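This is the structure I have questions about; it appears just below.
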Amino acid sequence: MRLELKYPDEPSAYDRSMLIASDEGRTLNSETVMSRTKVDDEVTIVTASECEDDGRPAQCEVTYTLSPKVFEMKKIVALSSGEAPFRRNAYAFVRAAKPD
């Protein structure tokens, strides 16, 4: 899956990435898959990885929710300094009509 985010007022913040699962399904974009659940036609995948947030070492947890009509992605950051974890960002996209 290819994800491309553009911010008209912040072109330097543009982000383009691919979501690529390993052959065995244990990683998603080199993030360790911690859990995968499926309810009806909706799949939720939670990943964890070492990361940096504003130049500070951290642990990042990303939750992906996918279905034929919805794609959501939420990133939680836990700084190594011990501060309380916080949501760095969250995106939700809903398909309003069937694809062509």
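The values are calculated or read from the model by the stated rules, or taken from the named source; none is laboratory data. All values derive from a computational prediction rather than experimental measurement. Note: ideal-geometry Cβ built from the backbone for every residue, glycine included; neighbour counts use all protein chains shown.
Among the residues of segment 50-61, which ones are modelled with pLDDT of 95 or more and surrounded by 15 or more Cβ atoms within 10 Å (Cβ to Cβ)?
ALA58, GLN59, CYS60, GLU61
Residue-wise test of (1) closer than 25 Å to ALA13 by Cα; (2) free of Cβ contacts under 8 Å to residues at least 40 places away in the same chain.
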residue: SER35; (1), (2): no, yes
residue: CYS60; (1), (2): yes, yes
residue: TYR64; (1), (2): yes, no
residue: SER67; (1), (2): no, yes
residue: VAL70; (1), (2): yes, yes
residue: GLU83; (1), (2): no, yes
residue: PHE86; (1), (2): yes, yes
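Scan segment 85-93 and tell me whether some residue there is assigned to a strand (DSSP E or B), at pLDDT 95 or above, surrounded by fewer than 13 Cβ atoms within 10 Å (Cβ to Cβ) and not hydroxyl-bearing (Ser, Thr, Tyr).
Yes: one or more hits.
What number of residues in segment 62-84 are over 24 Å from THR37 (Cα atoms), surrounded by 12 or more Cβ atoms within 10 Å (Cβ to Cβ) and either in contact with a Pro (Cβ under 7 Å, 6 or more places away or on another chain) or among the charged types (D, E, K, R) (or both)?
1
Would you please name the residue that is nearest to GLY82 (Cα to Cα), looking only at residues in segment 26-61 that are within 13 Å of the chain's Cα centre (by Cα) and of a type in the set (Asp, Glu)?
It comes out as GLU61.
Consider SER81 carefully, then state whether it is small (Gly, Ala, Ser) and outside any strand (DSSP E or B).
yes
Criterion first (under 13 Å from the mean Cα position of the chain (by Cα), free of Cβ contacts under 8 Å to residues at least 24 places away in the same chain, surrounded by fewer than 14 Cβ atoms within 10 Å (Cβ to Cβ) and under 26 Å from LYS98 (Cα atoms)) does GLU4 satisfy it?
Considered against the rule, which asks whether it is under 13 Å from the mean Cα position of the chain (by Cα), free of Cβ contacts under 8 Å to residues at least 24 places away in the same chain, surrounded by fewer than 14 Cβ atoms within 10 Å (Cβ to Cβ) and under 26 Å from LYS98 (Cα atoms), GLU4 comes out as yes.
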